[in-house]
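The values are calculated or read from the model by the stated rules, or taken from the named source; none is laboratory data. It should be emphasised that the depicted structure is a prediction, and the values quoted were computed from it without experimental measurement. Note that we place each Cβ from the backbone using ideal geometry, even for glycine, and neighbour counts take in every protein chain shown. SASA here: full protein model, heavy atoms, side chains in, ligands and nucleic acids out. Shrake-Rupley method; radii C 1.70, N 1.55, O 1.52, S 1.80 Å.
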Amino acid sequence: FLKDTKTKVLEWPDLNPIENLWRVLKVNVHARKPRNLDQLELFAMEEWAKIPQETCANLVKNYSKRLLSGVTQKGYTIDY
């Protein structure tokens, strides 16, 4: 609807560390092309286990940097 009516919307940056993890998980599971719910669950568990603990720690550690960057960029998403 918004596209059809050419309504401008602001992008909402993913500043929350867990949202970044969900994005990684979603991309990795999707790449494996699960065919049913059982595969989806299995692939999600396997891909979650593959995410290095350092990735989680860095997302939390860099939260302030992402927040400040979001403010200075006026809300535009910046990937790290």
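Which percent of the accessible heavy-atom area of the stretch 32-73 goes to carbon and sulfur, probe 1.4 angstrom? Reported share for carbon and sulfur atoms: 58 percent.
Mind running the shape call on the stretch 27-70? Use the C-alpha gyration tensor, a ≥ b ≥ c as the square roots of the eigenvalues: rounded below 1.5 for a/c, prolate if a/b tops b/c, oblate otherwise. It comes out prolate by the Cα gyration axes. In terms of Cα to Cα distance under 17 Å, which lysines are near enough to LYS65, apart from those fewer than 8 places away along the same chain? The qualifying lysines are LYS74. Would you please give the FRET efficiency between SER64 and THR5, computed as 1/(1 + (r/R0)^6) with r the Cβ-Cβ distance and R0 = 41 Å, to the nearest 0.05? Approximately 0.65, to the nearest 0.05. Straight-distance candidates among the lysines for linking to LYS61, with alpha-carbon spacing under 21 Å and chain neighbours fewer than 8 residues away dropped: LYS50.
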